[in-house]
Amino acid sequence: MTRRGLELSPTDGSLMSMDDVVIEVDGLRRSYGEFEAVRGISLRIRRGELFALLGTNGAGKTTTIEVLEGLQPATSGRVRVLGLDPVRDRNSVRPRTGVMLQHGGFTGSLTVRETVEIWRSLTVRPQSTAEVLDLVDLGDRMNVAVEQLSGGEGRRLELALAVLGRPEVLFLDEPTTGMDPASRRRTWDVVRELQKGGTTVLLTTHYLEEAEVLADRVAIMRGGNIVATGAPEDVVRTLPARISFRLLGTDVLPDLPHATRLVDGDRVVYESRQLQADLTRLLEWANAGDIRLAALSARPATLEDVFLDIAADHDLTDQLAEPEAVR
Ligand code: ATP
């Protein structure tokens, strides 16, 4: 029997031991004046989990992460990090967490080495300068002034500072923005290594592939609310797979048992709930009739499809809401 017992996750309904929960959010609201940026969200993140917060611009991701970092107070609701209040217990929480803000700030005239050394002097049990700079592949840029770093190198230096104290919890707000594909992959490796060592990671990103590759679970925010959540493969399963092709030599089309047919210009598109069965039926039909399916493609939905679907719904809601607001 665990000390704090078992509880159903408010995000995906799974049973979780409260001893394993490192980040708890219950009914979080955060307003800026009249405007409510976060509108009552709840989530639980387990020790060693990598959780990605996704959402359109202005959805409330940075606000949520900053409340968890203790940089902003909640307007209402309850937030705990490592069982502590990130604002009231800041002195206890801060040394156990690493933070990479969306817009970090450096003193431009200091070198990379000097910047890391200043941070080391403020950090409990820091890694060595060489070790942390090697980790983010900046070992050969130690003596360069920070203002001369490229955008992607600057993000890597911020990552180095965030992980300097071997944090138990790491907050990464759009960590790979501005990085080239090789640096991005390198950053993913660093994050995976930290996670293997037991670090809990909360990440925001606009790169949906990044969330698909790294995250154990994701939550998609829209207008201050969480509108979809779960393991990436489960979130993706909410949308059908797509089979598409151009039909040559006939305009007869088969009925696929688990699919809906759409027409997209001269392409035939099926949205399928059972990709393997529908694709098998289609290919059998084509082979039997000696029919050529040009540019055939079959793929499950992606996180990007889910994201776009959610973003499109939002636009529609806005359009529908407008006349109400005028009245
Ligand atoms: P992005 O993907 O663009 O970074 P986000 O999901 O991180 O967006 P937030 O930065 O949390 O979104 O912003 C949520 C909303 O709150 C936005 O409409 C933003 O304009 C507003 N907002 C954020 N900070 C403030 C502030 N200090 N004062 C007033 N409004 C703010």
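The values are calculated or read from the model by the stated rules, or taken from the named source; none is laboratory data. Note that the structure is predicted; figures quoted are calculated from it, not measured. Note that each Cβ is placed from the backbone with ideal geometry, even for glycine, and that neighbours are counted across all protein chains shown.
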Note down all Cβ pairs under 7 Å where the first residue falls in segment 51-65 and is charged (D, E, K, R), the second is more than 6 Å from the ligand (Cβ to nearest atom) and part of a strand (DSSP E or B), and they're at least six residues apart or on different chains.
-> LYS61/LEU53; LYS61/THR204; LYS61/MET221
Quick one: count up the residues across segment 56-88 that are among the charged types (D, E, K, R), more than 15 Å from VAL169 (Cα to Cα) and within 15 Å of the ligand (Cβ to nearest atom).
-> 1
Just to be sure, is VAL146 over 30 Å from VAL21 (Cβ atoms), of a type in the set (Val, Ile, Thr) and more than 16 Å from the ligand (Cβ to nearest atom)?
-> yes
Among (1) within 16 Å of the ligand (Cβ to nearest atom); (2) at pLDDT below 65, the one test that ARG30 misses | (2)
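Only one of LEU53, LEU110 is closer than 30 Å to SER150 by Cα, within 12 Å of the ligand (Cβ to nearest atom) and of a type in the set (A, V, I, L, M, F, W, C); which? Steps first, please.
On the way: LEU110 fails: within 12 Å of the ligand (Cβ to nearest atom).
Of the residues listed, the single one that is closer than 30 Å to SER150 by Cα, within 12 Å of the ligand (Cβ to nearest atom) and of a type in the set (A, V, I, L, M, F, W, C) is LEU53.
Among the residues of segment 46-55, is any more than 20 Å from the chain's Cα centre (by Cα) and at pLDDT 95 or above?
There is no residue in segment 46-55 that is more than 20 Å from the chain's Cα centre (by Cα) and at pLDDT 95 or above.
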